[in-house]
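Quick notes on the structure that follows.
The values are calculated or read from the model by the stated rules, or taken from the named source; none is laboratory data. All of these numbers come straight from a predicted model, not from anything done at the bench. Using ideal geometry, Cβ is built from the backbone for each residue, glycine included, and neighbour counts are taken over all protein chains shown.
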Amino acid sequence: MDKKQMKIAGIAALVVCAICIFVAVERYQTNANNAKAANQLLQSSPLSGMTGAGEIKPATPAATKYAAFFAAVSGIGGGVLLVKSKA
């Protein structure tokens, strides 16, 4: 692979990294908003004290974990390719 191809592949990998980060943040925010809406629904219910249900805390969805993993892998790969294209 010549230096120009390495540079292009490195930039493409960093773009994939940025997209994965966006997906991870968006998926987590959606989950947090859903938990917040469920908590508001439980608080506004007239039977909220009788259900015994506690407050729902947002968890990290699997899509967020996978997107963060692929962001790390593609970010490291893109960085290595860009450094090698300079040498």
Item to complete: Determine whether Ala87 is of a type in the set (Gly, Ala, Ser), without any contact (Cβ under 8 Å) to a residue 40 or more places away in the chain and within 30 Å of Lys3 (Cβ to Cβ).
Response: yes
Worksheet item: Which of the residues belonging to segment 11-32 are surrounded by 13 or more Cβ atoms within 10 Å (Cβ to Cβ) and aromatic (Phe, Trp, Tyr)?
Response: Tyr28
Fill in: Yes/no for Ala35 being more than 14 Å from the chain's Cα centre (by Cα) and surrounded by 12 or more Cβ atoms within 10 Å (Cβ to Cβ)
yes
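Yes/no matrix, rows are residues, columns are (1) modelled with pLDDT under 95; (2) of a type outside the set (Gly, Ala, Ser); (3) touching a strand residue (DSSP E or B) at 6+ places or on another chain (Cβ under 6 Å):
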| residue | (1), (2), (3) |
| --- | --- |
| Cys20 | no, yes, no |
| Met50 | yes, yes, no |
| Thr60 | yes, yes, no |
| Ala67 | no, no, no |
| Ala72 | no, no, no |
Worksheet item: If a residue has to be loosely packed, with under 14 Cβ neighbours inside 10 Å and either touching a residue at least 12 places away in the same chain (Cβ under 8 Å) or over 20 Å from Gly75 (Cβ atoms) (or both) to count, how many in segment 1-10 make the cut?
Response: 3
